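Undergrad: The structure is given below, and queries will be raised subsequently.
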Amino acid sequence: MTIEQLRGQFPILGEKVYGRPLVYLDNAATSQRPLSVVEKWEQITLKSNANLHRAVHKLAADATAEYEGARQAAADFIGAGDAHEIVFTSGATAAINLVAFCFGEAFIKAGDKIIVSEEEHHSNIVPWQMMAQRKGAVLKVLPVDDNGQLRVDMLDDMLSDGKVRLLSVAHISNVLGIVNPVEEIIAKCHKYGCAVLVDGAQGIVHQKVDVTAMGCDFYAFSGHKLYAAPGTGVLYAKKEWLDAFPPYMGGGEMIETVRWTGTTFAKAPHKFEAGTQNISGTPTLVPAFEIATRMREQSIDSEAVAVKDFVYEALKGNPLVRLFGCPDRPEDKIPLFSFCVDGVHHEDLALILDKMGFAVRSGQMCAEPLMDRFGVTGMLRASFAPYNTMEEAQMFINALDKAVKMLR
Amino acid sequence: MTLEEKKLQVVEDFSMYDEWLDKYEYLIEQGKNLEPFPEESKTEDKLIKGCQSRVWLDCEMKDGKLWFKADSDAIITKGIISLLIDVYSGRTPQEIANDDFAFLDQIGLKENLSPTRAGGLASMVETIKAKAAEAAAEPKAEAEAEAEVLSAADVKELAPLYENVVLALKQVYDPEIPVNIYDLGLIYEININKEHRAYIKMTFTAPNCPMADMVISEAKTSVEDVPGITGCDIDLVFEPAWSQDMMTDEAKVTLGFDVDLDDSQA
């Protein structure tokens, strides 16, 4: 597949904004949708829309087959041994909240510890704060160094008292764009009996994930950042955890029998899928996985790497730019660049770039503690997807120069 | 320049630029014209919530009008707040509170700004309105604080001043009504303090009176011209609302209203 063919799958990339060609560089916030995803959504909505699992009629059987087919596809995509280890959620946030609640109820008592890293998205901080408060547990923070790399060297000390029950860490930070050494972290944690949740919201997009090889206890990601419909998400959890978890939300679908004397619950994963599910959305994960896989083909990937190297070098070479997240090994960097420009406010830059046709993100990027860590009120972020071309990358660097000149 | 004229001028200024980048250049220039905001005044309570960039806004009441000061760490935001200040500073709280801020739509500020920035603009407008509403409620308290104990000698000295201030107010007309503002019943209160500074509380027949600015400034000048008066502050109030009963009989006759004769003879 060529990059032009790939772009042809995403009609929105041909749109204009303010009369200029759109250059979409906010992929870390949400990606665009390919035709195949839209068509899957349309096919289910127009041809086989019915509620799942319960009814005996044809449409319900078709819809259920699509939905459960997506579960198997998700298990295959991330290398889970068993489709029963896949719980569908509305997104990564919902997946993390589910684990924070259920793990907290089942395994956390007063005085226990939870670790999150300093670079986490609010979605991977607040659920743990809420749980810690409820259960009287203590939340500890694994810091990052000045280059934005996790201080994994501090982990043994933090784990050594044996009180840490769970560590939750981003596979790739949505601000720093560095692939974290999750295997090493997991190995250390497991040595001390500490479970690990990997927030894969960005990781699933930029890495080939194999949860079995990685060894994580939980892996969470959203569909919408991976080209699928919004409102879709996946929680991978090892079967022994899911079986030990109490139910999360009560409602239809998650029960076995309901009597006034009490209710028995369905087995995992359905125990965690209360209420009507995202009937048309979740099956769009299947074409999304397909296109994500095709983007890893040599012809596309080599261009993506060239784009990343070009932007990385251009930003590093600009004396006015302070780039956050520069790993020791360049291959650990993904094409996600958060930076400040000396003497220019990130919001002004984003506004000018917007008028030039570039969609970039400015502000705290849902990671206020990390902004505090680096002593800034916000940053500008350009995040690339494999459908972004070298030409777009060059246009971006030129536009950035122009905008900076205008504002300084 | 009246508020309406000022808004028209801004809309015209903006219409000169077709390109949005040029409009931003214009805003950036506006931002540079802001008078400096002291660093020590950039406190949490002056920070406007709901903006991606930080915006500080402060205001003070002088001569019945609100004067704003502001700053921002982002230069386009600074331009926007500077534009707002340019339009709304030096207006009475009532004028601001009653304004619909619709000119912002006309220059395309609301629709063309990024979602977070549009939210920020809304927060700025809300804050300015809130300050105006607060100030509109305040003059009463201020006047009370100014109240002082007068001796018999003071009163004797002040009495002729009151008569002269009334005469001065009777010189002032709303250009559309052939009755002076005093006989029209627009003057609610006159206070003169020991320093011979006059405090006047007045109203208009309707809150959106287009000539309000002009009439107030004329009244102020007229009163300040009274020998012995050292200054004059005018507060515009709409509580209680003006009604025809507040006119003198003379005014009612001039304007062709029925006069209750029994009442007037009593």
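Rule-based calculations on the coordinates, nothing more; no lab input. Note that the coordinates shown come from a computational prediction; the quantities given were computed from them, not determined experimentally. Using ideal geometry, Cβ is built from the backbone for each residue, glycine included, and neighbour counts are taken over all protein chains shown.
Undergrad: Using the Cα atoms of region A:218-316, I'd like the radius of gyration and the largest Cα-Cα distance, Dmax, both in angstrom.
TA: Answer for region A:218-316, Rg first and Dmax second: 19.9, 67 Å.
Undergrad: Suppose we keep just the DSSP beta bridges with both residues in the protein assembly as shown; what percent of those would be antiparallel, to 5? Provide the component values of the computation, followed by the final result.
TA: Working: 46 of 72 bridges.
Around 65 percent of the beta bridges assigned by DSSP in the protein assembly as shown are antiparallel ones.
Undergrad: I need the calculated FRET efficiency for the pair B:Asp245 and B:Glu40, taking r as the beta carbon distance and R₀ as 45 Å, to the nearest 0.05.
TA: Working: r = 51 Å, r/R0 = 1.14.
Efficiency at R0 = 45 Å is approximately 0.30.
Undergrad: For the cross-link pairs A:Lys135/B:Lys46; A:Lys16/B:Lys131; B:Lys32/B:Lys62; B:Lys23/B:Lys131, which exceed 30 Å when the distance is taken from alpha carbon to alpha carbon? All intermediate terms of the calculation are to be shown ahead of the outcome.
TA: Values: A:Lys135/B:Lys46 38 Å; A:Lys16/B:Lys131 41 Å; B:Lys32/B:Lys62 25 Å; B:Lys23/B:Lys131 28 Å.
Too far apart for the 30 Å limit: A:Lys135/B:Lys46; A:Lys16/B:Lys131.
Undergrad: Oh, and also: Taking region A:104-214, how much of its Cα-Cα pair set, in percent, is spaced more than 18 angstrom apart?
TA: Working: 2857 of 6105 pairs.
Value for region A:104-214 (Cα pairs over 18 Å): 47 percent.
Undergrad: Among DSSP beta bridges lying fully in chain B, give the percent that are antiparallel, nearest 5. Spell out each step's value before the answer.
TA: Working: 16 of 22 bridges.
Within chain B, antiparallel bridges account for around 75 percent of the total.
Undergrad: If you take the C-alpha gyration tensor of region B:3-137, multiply each eigenvalue by 5 and take the square root, what semi-axes do you get, largest first, in whole Å? It would help to have the intermediate numbers written out before the result.
TA: On the way: eigenvalues 96, 65, 37 Å².
Equivalent-ellipsoid dimensions as semi-axes: 22, 18, 14 Å.
Undergrad: May I ask for the net charge around A:Asp210, where only other residues with Cβ less than 12 Å from the Cβ of A:Asp210 are counted and Lys, Arg are +1 while Asp, Glu are -1? Could the numbers behind the result be given before it?
TA: On the way: positive: A:Lys208; negative: A:Asp76, A:Glu183.
Taking every Cβ under 12 Å from that of A:Asp210, the sum is -1.
Undergrad: Quick one: order B:Ile177, A:Ile125 by neighbouring beta-carbon count within 10 Å, fewest to most. Before the final figure, lay out the partial values.
TA: Numbers: B:Ile177 15, A:Ile125 22.
Ranking B:Ile177, A:Ile125 by Cβ neighbours within 10 Å, fewest first, gives B:Ile177, A:Ile125.
Undergrad: Can you tell me which of A:Thr293, A:Thr282, A:Thr93 moves the most in a GNM of chain A? Springs connect C-alpha atoms under 10 Å apart.
TA: A:Thr293
Undergrad: Straight distance only, please: which aspartates and glutamates reach the Cα of B:Lys201 with their own Cα at less than 14 Å, same-chain residues fewer than 8 apart left out?
TA: Cross-link targets: B:Asp63, B:Glu138, B:Glu142, B:Glu144, B:Glu146, B:Glu189, B:Asp233, B:Asp235, B:Glu239.
Undergrad: At 7 Å along the Cα-to-beta-carbon direction for both B:Lys194 and B:Phe257, put a label point, then send me their distance in nm to one decimal.
TA: Calculated label separation equals 4.0 nm.
Undergrad: Amide H neighbours of A:Thr89 under 5 Å, counting only residues 5+ apart in sequence or on other chains, H built in-plane at 1.01 Å?
TA: Those lying under 5 Å, H to H, from A:Thr89 are A:Gly233, A:Val234, A:Leu235.
Undergrad: While we're here: What number, in percent, do you get for the relative contact order of chain A if the mean sequence gap of Cα pairs under 8 Å and at least 6 apart is divided by its residue count? All intermediate terms of the calculation are to be shown ahead of the outcome.
TA: On the way: 790 pairs, mean separation 92.2, N = 408.
Taking the mean separation of contacting Cα pairs over the length of chain A, I get 23 percent.
Undergrad: Looking at region A:38-291, what % of its DSSP beta bridges pair antiparallel, to the nearest 5? Present the calculation step by step, with values, prior to reporting the outcome.
TA: Values: 15 of 32 bridges.
Percent antiparallel among DSSP bridges in region A:38-291 is about 45.
Undergrad: Would you mind calculating the relative contact order of region A:226-285 from Cα pairs under 8 angstrom and at least 6 residues apart, reporting the percent as a whole number? Could the numbers behind the result be given before it?
TA: Values: 62 pairs, mean separation 25.5, N = 60.
In percent, rounded to a whole number, it is 43.
Undergrad: Let me ask you something else. Going out from 0 in 5 Å bins, what whole percent of all Cα-Cα distances in region B:140-265 drops into each bin?
TA: In whole percents, the pair-distance histogram is 2, 10, 20, 21, 19, 14, 9, 5, 1.
Undergrad: Go ahead and set up a Gaussian network model of chain A, Cα springs under 10 Å, then flag whichever of A:Thr276, A:Thr232, A:Thr64 fluctuates most.
TA: Per the Cα network of chain A with a 10 Å cutoff, A:Thr276 tops the list.
Undergrad: Can you compute the radius of gyration and Dmax for region A:38-291, using only the Cα atoms, both in Å?
TA: 18.5, 59
Undergrad: Note down the nm distance, to one decimal, between modelled labels 7 Å out along Cα→Cβ at A:Gln43 and at A:Met406.
TA: The modelled label-to-label distance comes out at 4.4 nm.
Undergrad: In Å and whole numbers, how far do the C-alpha atoms of the protein assembly as shown stretch along each principal axis, longest first?
TA: Its Cα atoms span 102, 67, 57 Å along the three principal axes.
Undergrad: Now a separate question. Rg (Å, one decimal) plus Dmax (Å, integer) for the alpha carbons of chain B?
TA: Just the Cα atoms of chain B yield Rg and Dmax of 22.1, 71 Å.
Undergrad: Report the paramagnetic label zone for A:Met1: residues of region A:380-408 whose backbone N is under 11 Å from a point 7 Å from Cα along the Cα-to-Cβ axis.
TA: Output list for this probe position: A:386-387.
Undergrad: When the convex hull of the Cα atoms of region A:338-395 is projected onto a plane and the area is averaged over all directions, what value comes out in nm²? Kindly include the intermediate steps, with their values, before the conclusion.
TA: Numbers: hull surface 18.1 nm².
Hull-based average projected area comes out at 4.5 nm².
Undergrad: For region A:252-268 and region A:92-124, write down the distance between their C-alpha centroids in whole Å.
TA: 26 Å
Undergrad: Whole-Hz Karplus ³J(HN,Hα) for region B:227-232, in order, using 6.51 cos²θ - 1.76 cosθ + 1.60 and θ = phi - 60°, x for Gly and Pro?
TA: Computed from phi, the couplings for region B:227-232 are x, x, 7, 8, x, 9 Hz.
Undergrad: What 222 nm value per residue comes from the helices of chain A, counting each DSSP H run with n ≥ 4 as -39,500 (n - 2.57) and dividing by all residues, nearest 500 deg cm²/dmol?
TA: Numbers: 15 runs with 158 residues, N = 408.
Only helices count here, giving -11500 deg cm²/dmol.
Undergrad: Another question, if that's okay. What does the charge count around A:Met1 come to, taking other residues whose C-beta lies under 14 Å from its C-beta (Lys +1, Arg +1, Asp -1, Glu -1)? Walk me through the intermediate numbers first.
TA: Values: positive: A:Arg7, A:Arg294, A:Arg296; negative: A:Glu4, A:Glu290, A:Glu297, A:Asp301, A:Glu303.
Local charge sum for A:Met1: -2.
Undergrad: Cα centroids of region A:158-189 and region A:45-62: how far apart, whole angstrom?
TA: Region A:158-189 and region A:45-62 have Cα centres separated by 41 Å.
Undergrad: Using the C-alpha gyration tensor of region A:1-130, what are the square roots of 5 times its eigenvalues, in whole angstrom, with the largest one first?
TA: 33, 27, 13
Undergrad: For A:Ala266, which sequence-distant residues (separation of 5 or more, or a different chain) have an amide H within less than 5 Å of its own amide H, given hydrogens modelled in the peptide plane?
TA: It is A:Ile255, A:Glu256, by chain and number.
Undergrad: May I ask for the longest run of chain A untouched by GluC sites (Glu not before Pro) that are loop-located per DSSP and have at most 15 neighbouring C-beta atoms (other than their own) within 10 Å?
TA: Numbers: sites that count: A:Glu15, A:Glu297.
Answer - A:16-296.
Undergrad: Give a quick list of GluC sites (Glu not before Pro) in region B:1-82 that DSSP marks as loop, anything other than H, G, I, E or B, with at most 16 other Cβ atoms within 10 Å.
TA: Working: sites: B:Glu4, B:Glu5, B:Glu12, B:Glu19, B:Glu25, B:Glu29, B:Glu39, B:Glu40, B:Glu44, B:Glu60; in loops: B:Glu19.
When the GluC sites (Glu not before Pro) of region B:1-82 are filtered for loop state and at most 16 Cβ neighbours within 10 Å, B:Glu19 remain.
Undergrad: When Lys and Arg each count +1 and Asp and Glu each count -1, what net charge do the other residues less than 9 Å away from B:Tyr17, Cβ to Cβ, add up to? Could you put the intermediate results ahead of the total?
TA: Numbers: positive: B:Lys23; negative: B:Asp13, B:Asp18, B:Glu19, B:Asp22, B:Glu25.
So the environment of B:Tyr17 carries a net charge of -4.
Undergrad: Given the C-alpha centroids of region B:1-50 and region B:195-264, what is the distance between them in whole angstrom?
TA: If we compute the Cα centre of each part, the gap is 35 Å.
Undergrad: Within chain B, which whole H helices from DSSP have a Cα span along their axis of at least 30 Å and a mean Kyte-Doolittle hydropathy of 1.6 or more, if any?
TA: Working: long enough: B:115-137 (33 Å, 0.21).
Once both thresholds are applied, nothing remains.
Undergrad: Quick one: which residues, 5+ away or cross-chain, put their amide H under 5 Å from the amide H of A:Val196? H built at 1.01 Å from N.
TA: Counting only residues 5 or more places away or on other chains, the set is A:Leu167, A:Asp217, A:Phe218.
Undergrad: A further question follows. Given a Förster distance of 22 Å, report the FRET efficiency between A:Ala187 and A:Asp332 from their Cβ-Cβ distance, rounded to the nearest 0.05.
TA: Numbers: r = 18 Å, r/R0 = 0.81.
Calculated value: 0.80.
Undergrad: Considering only A:Trp260, A:Trp128, A:Trp241, give the residue with the highest GNM mean-square fluctuation for chain A, with springs between Cα atoms whenever their separation is below 10 Å.
TA: A:Trp260
Undergrad: Near A:Lys140, which lysines are there with a Cα under 20 Å away, not counting those fewer than 8 places off in the same chain?
TA: Output for A:Lys140: A:Lys109, A:Lys113, A:Lys163, A:Lys188, A:Lys191.
Undergrad: At B:Phe238 and A:Ile12, where each label point lies 7 Å from the Cα along Cα→Cβ, what is the point-to-point distance in nanometres?
TA: 4.5 nm
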